[in-house]
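Structure record follows, encoded as structure tokens.
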Amino acid sequence: MEKSASTASAIPAVEPPIHVTFTDAAALPHTPVASHAEFGHDSPASRWYALALRAQHLRVAASFDRLLAPAVLYDRVRPHSYQLRVVEQVLREKAPAAILADDVGLGKTIEAGLIYKELALRGLVRTALVLAPKALLSQWQEELREHFDEDFVLTDEKRFRGFEVEPRVICSLPQFVRSFVRVNTRPWDCLIVDEAHLLANPSSRRRQCTGELRSKWRLLLTATPVANRLTDLYSLIDLAVPGRLGTQREFEDEFVADPGTCRIVRPERAATLRNLAREHMCRTRRSDTDITFAGRTVDTRSIQATAAEDALISDVTDYLRALYRRAPTGSSKVNRGAVIREIMALQQSLSSSPQAIQRSLRARAEKHPDERGEVLALADRCASVVSAKESVLLDVLAELRDEPVLIFTLRLETAARLREVIAARGRSTECYIGALNRSEREALVNRFNNGTLSTLIATDAGAEGLNLHERCHIVINYDLHWNPMRIEQRIGRVHRLGQTRDVRVLNFVLHETIDDYVVRLLYQKLNLFTMTIGALETVLTEVQEGEFDLEERILELLLQDGDRSRLRNEVAALGDELVSARERQLAAESLTAEVLR
Amino acid sequence: MRWFWQRRRNRQAAVETPPSAPIPAAPASVGTVQRAPTTSGRLGQSRHLSSELLELARDYLQAVGGRVRVEDEDVLSATLPDGRNVRYTTTLAKARSDESMTLLVEGSEALAAMLDDIAARSRLTALWLDAATDPVALALDRCAPPAARCGRCVESSSGEDAQTALCPVCPLRESRIVLRWRTPGALTARVMRQEQAVSVELAYLVVARDRQGRRDEWLRHAVDVATGQAIPPLSAPALAVAQPDTLPADYERTLTAVRASAERSLGEPLVASGMFLRQRSLDEYLRRLEEVATTFDRLQRESPEMARAAKAGRGRELAALAEVYAVDVEAQLESACFITSPVVLVALRPQKGRGEVLLRVDVGRQHVLPPQCAACGTAVRAGQVCDEGHVVCAACFATCSTCGAWQCPVCNEASQSVCVKCGQPTVESHRIDRHPEETAAIFTARHLEALPPEMWLTAMEWLLSCQRITTEARRITGDLVIWQGQSETGKVMVAAQRSPGRWALDEIAIRQAAAHLAPEQPAMARLMLSTAPATGEAAQVARQLGIQLMDRHSLETLLSGLASAHERERERQIADMQARADAAGSARQAMLDAVDAIGQALTPVRRARKAGTQTSAGTSGSRKLIEARAAIERASLAWETLVNGWTESFSERPARNGSLVISGEVSQFAEMIERVAHLQPVLLEAARLLMETPARGEGGYTTLRQAVLEEYQARCDAWRWRIRSYDPEVWSDFTRAWNAKAAAKAAEATTAAGHATARADKAQAQAPRAG
């Protein structure tokens, strides 16, 4: 930026305020607390007072020269060295605002979480607001809870008491815009925006609201700070550090070589722009790290269902369609959401196994006596159905001999059934489920990792945070999530740093069912199973600017119509949509790399 | 005589074994508590713990009644009174591999819970102290006459120097009370009375938050309830033998009064902390302020329709910026400890003189409270004693300007204007305003001096960084802090001394510091910082020892420079831009004058001379014309370069503040003037040659000549308008400094020149040529 001194502009001679206050750490009690009588044989007042004096320096908040969070979170997260470097850079040099622009999959969430935790441990941050695309809200909540021991509340949770009082909130961008007046009734200590390139458009309401939000710390996370135009970068830096780059016109005059498309930097100003960006941005390229992942091969088995199984699936799906049609619409959005979730759960059971859908239907019959006859009739039919997937699984396991295998399923009933049939073939098999206590879980993992257990069947509820890559490199998805991130989570149990062999992923789907279409027409088209870790989130946020819920879309397609060919075409169209989103994302990555190389 | 004080009353608690956990020595004044040594005596048993955290955990667990086992140097386990077992380690790998172990690190939940419990249990305590010393011996030891042939400490009336050690051997430096009796001589002492004194010790956690993070510091402040005087916090040895007590009946009222007193005393260090932290970020803040303000100003200019929104945005962002750079200094009262201690009133008097002074000797704390000034009531650390035993501070006594005798204002209250010795009515009052109001809004040496200990260290390191010295290692030796660092020229050793009470920095202090500043490496740069004013001798010794001395005066200068750095930088930029504008203005005028002269030279005169005969004269005339055209073209090329240089000296876009950016240096504009002086005659000569050619001729001659003339007249016009496009005299306003109409006219003239050139080229091709 060109600068010159002038007396033309009247800059207010405002000095930052200094607040000096005296407070009580806690109300002083009315009686001396440390008397001999109260604290046993050897704890007179002087001893406690002496201990308090000794402990004083331990209660002093450490400076940022030394990070506290990695040690405090020792059993929750093990950050990479490049992540720690980013945390240090942000805290020491870029405070109080920074753009975290690492390549996809390098763990920007971990970096943001560590920064937040460092600030929280020092009492510098008490309130925080996380803005994220809808598809990532739960993931943020889980990560913050699991890795950082921080309880953030989602705005659609029952316990959410309102923006005015809730100290730590995770919120979607549309919700944030809708509730902006209430959100901005108080200042926030820290604002974290995931997929911040969604705020690049300066005239969008979401960008304006974010700019106006009163927040001291601002962390903007995006892998593509230059998503479409150079002005995206301007917009992000201006959001982090208002005024740093002047006005947008000034920025364009200075740096943009092609004002129309705004994608080319004036060559003579490229270095300046990169330096300016570096002042406020931390960017780690994949090539800057020593991270190497093993390869991945995917084998999807499209299995022909037995006639009874096919009929059962068809009838249960018809029942689900009827339920869907009956779901309330319009103003009863909440009720409709609840019904959709119920249908989704039933559909998952149906995809899983006859045992699982039987159990789910029975549970529904108890809950909805008016449907009892119809539902129980379907449930009773399940008892006689054997899934074709079972025999294929047994064949696969026979081929694999003693190779350790990790099998994922959505339902407990399926896990129990599989355990039964696999164990009957003489293969040591156990189920890893959410109901196990910590020591039981550890024992199972140890057995699996030391080779005394060759098959581990896990439900998703129990599989979070597992490290099973020491001996195992084969994952079987006996049934599938429609949320691709959950699939990635499953594979991530063995496909992680330290895996030495190529990971083999086997997907079991029944031929010409919705699962089959999803895998063939959607996931395979998108190369989902071999996509760079983390790229999936950005693809999903790319579609409809982050307001996209893939599971809901698939379910809607399934339930709207019984015509299989139309369903196939619509899933294929959805796949095309995702592919073009992926292409846009790749283009954005490429532009970002070119501008910020 | 050894003084034995009887225990006040028989207390059950008193028979308990006193805690033997080592308590670090507390500094003699408000300050922090140092770290404990890594082993503890009784509790350590045979195992040595590798970490202070584990030592604290061990002592804490024992204090709550747990049975503690030291499993390893980094592992501690305990069975709590409720039967629970706990295991702590400070080793990450052990905590990861063994689920039963809890990692004990700073910030961890386990440690936080422990610290919170300790804090809660020690929030309000009461202790009492046994007599621990002979009060008479202590009183005699702590009082001293002024240094031989000196006495400035008891005489000085300057507000800054009052009660300060002004000579190297001043007893004040040993924390003694300096009293000058009218009748000098050895002192005798006797016990007058014994009583109980109650003092209150408050512990504050001072949390200072600014843009760069958070800085915590503990401050302990003790007050003698009877006199209201601040006294040193309880020392570690005294605390180690203190007994539990019950709170005084009126403790709440006392606490309120003591808190008020503490807040008055701590106010200055806290405000100083705030001033320092603000100063540290001020430069950056002002830069950001300028960025934000000018950006929004520009936005208003760019889009007048958005003026209102831009104005609101400007206000919002400026307020947000002030909030980001705001400094919060919060002193949290963490604990209050009532300490009852035996006090003996000891009367001191010279063996051969009169005048008895009563001193309060706290035999529990082993501390002598300074007497109060008989005139103004302030605590006197250095004063004079009259024959009636009135202790008078330096600010209250009067001196006869005739005979020099000093007078007690209490004894001679009725006749203060007459000297008691010589009877002359010429008495000069020493009373001055002891604490002139500090009105400075910037961070000064006075603030630096008032900073709490840890903040003072931070401030010193900041001062070093301002001088581009990066510190690498720090050690504290007595009252000296030594840094090893790196400056732009190489390695540097720095010593900083914090003299209490603004004492003068003497040559002894310099020599002491020099001993720590790598004397074996004479080539290394050495620097000494002190908030005390250096004496002349000290400055001389520093020079001799090769130490760069930054005493109070130098620091004042440095701080004042830093405070105005941004403003000065702004002023420098404005001055620089003005100088460039002046130089550019002169160059502009010189160029315009030259262009006008050339333009005039190219104006056709009325005398028309026909070229010679059609063949010879026409051919000769054409040749001359072509030669003249070539000459003027060569000269005008240089002019073109000159005018290009002129336009390139300015930015086409306004600066963010709306001014014209003059990128050309003063020297470049001066060079332009020189080039004008050199090129103008050349071009004029070329114009003369052109104009001397016949006005008319045959065979296309006239057309060629007309075209050439038009070409250079148009070029002159283009130069003129290009030069006029920028007016550096009004550089502060781009809209006035940049003349868009002139630029447009320049473009028109350039086009016209191009057309004329084409015509001339065509005509020249058809013109008759010789040979």
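What follows is calculated from the coordinates using simple rules that are stated; it is not laboratory data. Quick caveat, the model's predicted, so the values are computed rather than measured. Cβ coordinates were reconstructed from backbone atoms using ideal geometry, including for glycine residues, and neighbour counts include every protein chain displayed.
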**Q.** Averaged over B:104-112, number of beta-carbon atoms from partner chains that fall within 10 Å
**A.** 5
**Q.** Shielding of B:313-321 by partner chains, average beta-carbon count, 10 Å
**A.** 4
Q) Any idea which of A:Ser314, A:Ala415, A:His80 is furthest toward the positive side of the dipole for chain A, if Lys and Arg beta-carbons carry +1 and Asp and Glu beta-carbons -1? A) A:His80
Q. Among rounded, prolate and oblate, which fits the protein assembly as shown when a ≥ b ≥ c are the square roots of the eigenvalues of its C-alpha gyration tensor, a/c under 1.5 means rounded, and a/b larger than b/c means prolate?
A. oblate
Q. Straight-line reach from A:Lys525: which aspartates and glutamates have a Cα under 15 Å away, not including same-chain ones fewer than 8 places off?
A. A:Asp299, A:Asp515, A:Asp516, A:Glu570, A:Asp576, A:Glu577, A:Glu583
**Q.** Positive minus negative residues near B:Trp731 (Lys, Arg vs Asp, Glu; Cβ under 11 Å)
**A.** -2
Q | B:Gln548 paired with B:Ala148, simple spin-label distance in nm, labels 7 Å along Cα-to-beta-carbon | A | 4.0
Q.
Quick check: from the Cα gyration tensor, does segment B:185-295 come out rounded (a/c under 1.5), prolate or oblate?
A. prolate
Q: Please give the length that would be gained between B:Arg84 and B:Ala630 if that part of the chain were fully extended, namely 0.36 nm times their separation in residues minus their C-alpha to C-alpha distance (nm, one decimal).
A: 185.9 nm
Q.
What does DSSP give for the protein assembly as shown in terms of the percent of beta bridges that are antiparallel, rounded to the nearest 5?
A. 50
Q. With the Cα gyration tensor of segment A:470-597 giving a ≥ b ≥ c as the square roots of its eigenvalues, does the rule (a/c under 1.5 for rounded; else a/b larger than b/c for prolate; else oblate) give rounded, prolate or oblate?
A. oblate
**Q.** Order by protection proxy (mean Cβ within 10 Å, highest first), peptides A:315-323, B:171-179, A:268-276, B:380-388
**A.** B:380-388, B:171-179, A:315-323, A:268-276
Q.
Distance cut-off 25 Å, Cα to Cα: go down the list A:Lys94/A:Lys134; B:Lys624/B:Lys762; A:Lys94/A:Lys117; A:Lys216/B:Lys311 and report the pairs above it.
A. A:Lys94/A:Lys134
Q) How many nm is it between the label spots at A:Asp318 and B:Leu592, if each spot is 7 Å from the Cα in line with the beta carbon? A) 9.5
Q: Round to the nearest 0.05 the FRET efficiency obtained for A:Ser63 and A:His19 when R0 = 30 Å and r is the Cβ-Cβ distance.
A: 0.90
Q. Taking K and R as +1 and D and E as -1, what net charge do the other residues with C-beta under 13 Å from the C-beta of A:Asn449 add up to?
A. +1
Q) What FRET efficiency comes out for the pair A:Asp156/B:Gln332, r = Cβ-Cβ distance, R0 = 45 Å, nearest 0.05? A) 0.75
(Q) If each residue of separation counts as 0.36 nm, what is the full-extension length gain between B:Val271 and B:Glu685 once their alpha-carbon separation is subtracted? (A) 141.6 nm
Q) Which of A:Gln348, A:Val60, A:Val396 sits closest to the plus end of the dipole of chain A, meaning its Cα is farthest towards the positive end, when Lys and Arg get +1 and Asp and Glu get -1 on the C-beta? A) A:Val60
Q) What aspartates and glutamates could a cross-link reach from B:Lys745, if we take a straight Cα to Cα line under 14 Å and drop same-chain neighbours fewer than 8 places away? A) B:Asp717
Q) What FRET efficiency would be calculated for the residue pair A:Ser580, B:Lys741, taking the C-beta separation as r and a Förster radius of 45 Å, to the nearest 0.05? A) 0.35
Q) Between B:Arg572 and B:Ala186, what is the spin-label point distance in nm, taking each point 7 Å from the Cα along the Cα→C-beta axis? A) 6.6
